[in-house]
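Engineer: Take a look at this one; I'll ask things after.
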Amino acid sequence: MSIQLILNETGKNGVPVKIFTTDVEQKALNQLYAMSQLQFIHSHIAVMPDVHAGKGATVGSVIPTKSAIIPSAVGVDIGCGMNALRLSIKAKDLPDNLKPARLAIEKHVPVGFAKHKQIMAKMSTLDPLAIRLKRITDKHKGLLKMLNNFERTWAKQLGTLGGGNHFIELCIDENQDVWLMLHSGSRGIGSCIGEYFISLAKKENETRLGYIPDRELSYFAQGSPYFDDYIEAVEWAQDYAMENRREMMRLIIKALGHRDAQFPKFSITKEAINCHHNYVNEETHFGETVYVTRKGAISAYQGELGIIPGSMGAKSYIVRGRGNSESFCSCSHGAGRAMSRGKAVRVFNTADLVEQTQGIECRKDKGVLDEIPNAYKDIDTVMENQKDLVEVVHTLKQVMCIKG
């Protein structure tokens, strides 16, 4: 469906906010209204149907800015995104019990706060990243202190999952083809980079004249002391996140080939996409080159493939973009939370989790209760609301899920 709700439609009190749903909580509306007051927003703000309130800025928002970037809108999980591969095997080839496969993956891919005991990636991957990171930390000693032995920590985290809503899944599509899919970002080092520059932006804005409706919307203006440094650092974190997903997928494939996994032999037939959904990119929209921040949204240019995951008990989608200009060629990054993690733990119990994840090989303990499927919006409704943004290429259903 097309745009369903517009804030500031006249543009008199800030730029319009065009929302592709009517299901928006008041806190998110308040955040979006504050964002719309910034004088450097280009044209309008687009809001995806998985919208919900977030830290710093609204999740599901696409924010085009002229000669300025808001670090808290990009957030701390810089470059967080998805990767998916289709395998050569069919659903009928899978074993009846997928627990050995899940345990094999968990053995090879650290989850939560864990990292590898030794560096796993090739030096051809690490060296360019290391050189670029040193250039950044040479200029920002405060960041170097935050990273704490970064020379080894960031390299050992390459190929790790993390926690929260990050996951590894085995899925089956409408053709009974088997897919591997994962969701992760720039890990601890990306978080440090985000926090460091968000703090710098707030300090810089304390001395800047002009109205800012919310301190969380502190920004770097082009030409300011830290603007170029932030661009360099955020691009590094986005590249690191991309490599993290590639390395993790390599380790998953290796794990499934191990005897203990009890998994059938397979080959890789196609990589669907490796895409960010928390990032900033320079693009041209409505006649101007601007910085587009996608805070929980993916790029959906005409013909571009993307991944929209549901919760661990729902469907996920491989999609092709329609290049909708009103969304700045974007679409949702998932189902979107319907309730906070804290509320989910208060409302549901492990029995609910077992019921809502029937037929899926996954953890069913209190440690992942905050990720229970009913804590998320209905993915079918989200997809219905963005038919003008993407077309569905494949519909995936999870049969195994690993959470941090």
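The values are calculated or read from the model by the stated rules, or taken from the named source; none is laboratory data. Owing to the predicted nature of the structure, the values given are computational and were not obtained by experimental measurement. In this analysis, Cβ positions are derived from the backbone assuming ideal geometry, glycine residues included, and neighbour counts consider all displayed protein chains. Surface accessibility is based on the protein's heavy atoms, side chains included, excluding ligands, DNA and RNA. Shrake-Rupley method; radii C 1.70, N 1.55, O 1.52, S 1.80 Å.
Engineer: If the requirement is being of a type in the set (D, E, K, R), over 19 Å from Val390 (Cα atoms) and not in a loop (DSSP other than H, G, I, E, B), which of these qualifies: Lys27, Lys12?
Structural biologist: Going through Lys27, Lys12 in turn, the sole match is Lys27.
Engineer: Checking Glu391 against (1) under 30 Å from Arg322 (Cα atoms); (2) part of a helix (DSSP H, G or I); (3) open to solvent by 10 Å² or more (accessible area, probe 1.4 Å), which single condition isn't satisfied?
Structural biologist: Of the numbered conditions (1) under 30 Å from Arg322 (Cα atoms); (2) part of a helix (DSSP H, G or I); (3) open to solvent by 10 Å² or more (accessible area, probe 1.4 Å), the odd one out for Glu391 is (2).
Engineer: For residues that are hydroxyl-bearing (Ser, Thr, Tyr) and modelled with pLDDT under 90, scanning just the range 178-223, find the one that is farthest from Asp138 (Cα to Cα).
Structural biologist: Among them, the one singled out is Tyr211.
Engineer: Report, by residue number, each residue of the range 64-99 that is assigned to a loop (DSSP other than H, G, I, E, B), open to solvent by less than 20 Å² (accessible area, probe 1.4 Å), among the aliphatic types (A, V, I, L, M) and farther than 30 Å from Phe263 by Cα.
Structural biologist: Result: Ile70, Ile78.
Engineer: Within the group Ile193, Ile136, Ile198, Ile189, which residue is in contact with an Asp or Glu (Cβ under 7 Å, 6 or more places away or on another chain), touching a residue at least 12 places away in the same chain (Cβ under 8 Å) and part of a helix (DSSP H, G or I)?
Structural biologist: So the residue among Ile193, Ile136, Ile198, Ile189 that is in contact with an Asp or Glu (Cβ under 7 Å, 6 or more places away or on another chain), touching a residue at least 12 places away in the same chain (Cβ under 8 Å) and part of a helix (DSSP H, G or I) is Ile136.
Engineer: Step by step: first the residues of the range 283-308, then only those that are under 18 Å from the mean Cα position of the chain (by Cα), open to solvent by 10 Å² or more (accessible area, probe 1.4 Å) and of a type outside the set (Ser, Thr, Tyr), then the one that is farthest from Asp370 (Cα to Cα). Which residue is that?
Structural biologist: It comes out as Glu304.
Engineer: Restricting attention to the range 46-61, which residues are part of a strand (DSSP E or B) and either open to solvent by 10 Å² or more (accessible area, probe 1.4 Å) or farther than 23 Å from Ser340 by Cβ (or both)?
Structural biologist: Ala46, His52, Val59
Engineer: So for the range 14-33 (the condition being touching a His at 6+ places or on another chain (Cβ under 6 Å), more than 30 Å from Leu180 (Cβ to Cβ) and of a type in the set (D, E, K, R)), does at least one residue qualify?
Structural biologist: Within the range 14-33, one or more residues are touching a His at 6+ places or on another chain (Cβ under 6 Å), more than 30 Å from Leu180 (Cβ to Cβ) and of a type in the set (D, E, K, R).
Engineer: On to the next question. Checking Cys401 against (1) within 26 Å of Ile273 (Cα to Cα); (2) surrounded by fewer than 18 Cβ atoms within 10 Å (Cβ to Cβ), which test does it fail?
Structural biologist: Only one criterion is unmet by Cys401, namely (2).
Engineer: Of (1) open to solvent by 30 Å² or more (accessible area, probe 1.4 Å); (2) within 20 Å of Gly367 (Cα to Cα), Lys145 satisfies all except one. Which?
Structural biologist: Here Lys145 clears every test but (2).
Engineer: Right, something else. Can you name every residue in the range 1-41 that is in contact with a Phe, Trp or Tyr (Cβ under 8 Å, 6 or more places away or on another chain), open to solvent by 10 Å² or more (accessible area, probe 1.4 Å) and closer than 20 Å to Ala300 by Cα?
Structural biologist: Within the range 1-41, Met1, Ser2, Ile3, Gln4 qualify.
Engineer: Among Glu355, Glu384, Glu361, which is within 24 Å of Glu304 (Cβ to Cβ) and more than 20 Å from the chain's Cα centre (by Cα)?
Structural biologist: It is Glu384.
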